[in-house]
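I have placed the structure first, in the form of structure tokens, so that the comments after it can refer back to it.
The values are calculated or read from the model by the stated rules, or taken from the named source; none is laboratory data. Quick caveat: nothing in here was measured; it's all calculated off a predicted structure. Virtual Cβ from ideal backbone geometry, glycine too; neighbours counted across all protein chains shown. The area values use the complete protein model at the heavy-atom level, side chains included, leaving out ligands, DNA and RNA. Shrake-Rupley method; radii C 1.70, N 1.55, O 1.52, S 1.80 Å.
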Amino acid sequence: QLLEENIPMLDTISSDRIRHELELILREKYPEYAIRRLGEVGVLARISPSLRSNDWIAEKFDQVRLVNKPSQLLPLYFCLLVYPLSEKEIEQLISRLNMPGRLSRALRDTIRLKAELPSLDKSSMRSSEIYYLLYEYEPLAIQVNAIASESLLIRDYLQLFLRKLRYVKTLLNGEKLKMLGISPGPELGRILETLHKAKLDGEVDTSEDEEKLALLLKRSCST
């Protein structure tokens, strides 16, 4: 209400107050209705010229509610609202609204990952390929792109990472590898990564499998 009634004064309202008002809207049961109204009266464009309210936003907001994680609704709505923006526009919006750190990172990662989605538009990708394309991104940003993408294949890969791949760990760690005679440093790091990829791809299962592969890799590095 404050935003709609004070369009001429919007530039004089503090960043924190504008963000707070948006947060209140996004906490409503069906925030897309209020967001559409803000778009119609020009509030969204005053906050950022590229912000839009349309049927796509309404559809994606509805899908967010199917995720069934109430604590994630607000940041997911925020990330979808800014999805059409470029990286430069995201930085301007983060500054304009004085966004807190964690949400800022989710917004940045959402847009960065959107640009990388064509890399996932390939059939028969190995699990390790999917993992190492995605592991540096905020899980929230991955969830947003899974909702936003129109590609069933890409959505499946993103959900596979969120539901399974990000939790896959090797049984051997750096300390155990050192006990096998592997020296600390780049070699140990490379072996750990290779073991992790093998674990992701189902090529090793038990600690014995991992140990055999680690020793094989050690010998190959020594020759």
Problem - Residues satisfying the stated conditions in the range 159-194, i.e. over 18 Å from LEU133 (Cα atoms) and of a type in the set (A, V, I, L, M) - result: LEU171, LEU172, LEU177, MET179, LEU180, ILE182, LEU188, ILE191
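What's the total number of residues in the range 55-90 that are at negative phi and free of Cβ contacts under 8 Å to residues at least 12 places away in the same chain? Even if it seems obvious, please write down each step before you answer.
Our first condition is that a residue be at negative phi; within the range 55-90, this holds for 55-67, 69-90.
Adding the requirement that they be free of Cβ contacts under 8 Å to residues at least 12 places away in the same chain leaves 55-56, 59, 65-66, 69-71, 88.
The qualifying residues number 9.
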Exercise for the section: Take the residues in the range 202-212 that are open to solvent by 40 Å² or more (accessible area, probe 1.4 Å) and outside any helix (DSSP H, G or I), then tell me which one is farthest from GLU129 (Cα to Cα). Expected result: THR206
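Tell me, please, whether a residue that is open to solvent by 50 Å² or more (accessible area, probe 1.4 Å), under 22 Å from ARG96 (Cα atoms) and modelled with pLDDT under 90 can be found in the range 48-68.
Of the range 48-68, the ones open to solvent by 50 Å² or more (accessible area, probe 1.4 Å) are 49, 52, 54-56, 59, 62-63, 65-66, 68.
Restricting the remaining residues to those that are under 22 Å from ARG96 (Cα atoms) gives 49, 52.
Within this subset, residues satisfying the condition of being modelled with pLDDT under 90 are 49, 52.
There is at least one residue in the range 48-68 that is open to solvent by 50 Å² or more (accessible area, probe 1.4 Å), under 22 Å from ARG96 (Cα atoms) and modelled with pLDDT under 90.
Run down SER151, SER207, SER183, SER220 and say which single residue is under 28 Å from the mean Cα position of the chain (by Cα) and among the polar types (S, T, N, Q).
Sole residue among the options that is under 28 Å from the mean Cα position of the chain (by Cα) and among the polar types (S, T, N, Q): SER151.
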Handout entry: Residue in the range 172-182 that is open to solvent by 50 Å² or more (accessible area, probe 1.4 Å), among the acidic types (Asp, Glu), farther than 26 Å from ILE111 by Cα and assigned to a helix (DSSP H, G or I) present
Key = yes
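Would you mention how many residues in the range 77-92 are in a loop (DSSP other than H, G, I, E, B) and either closer than 17 Å to GLU150 by Cα or of a type in the set (Val, Ile, Thr) (or both)? Before the answer, list the steps.
First, pick out the residues of the range 77-92 that are in a loop (DSSP other than H, G, I, E, B): 82-86.
Now restrict to residues that are either closer than 17 Å to GLU150 by Cα or of a type in the set (Val, Ile, Thr) (or both): 82-84.
So the count comes out to 3.
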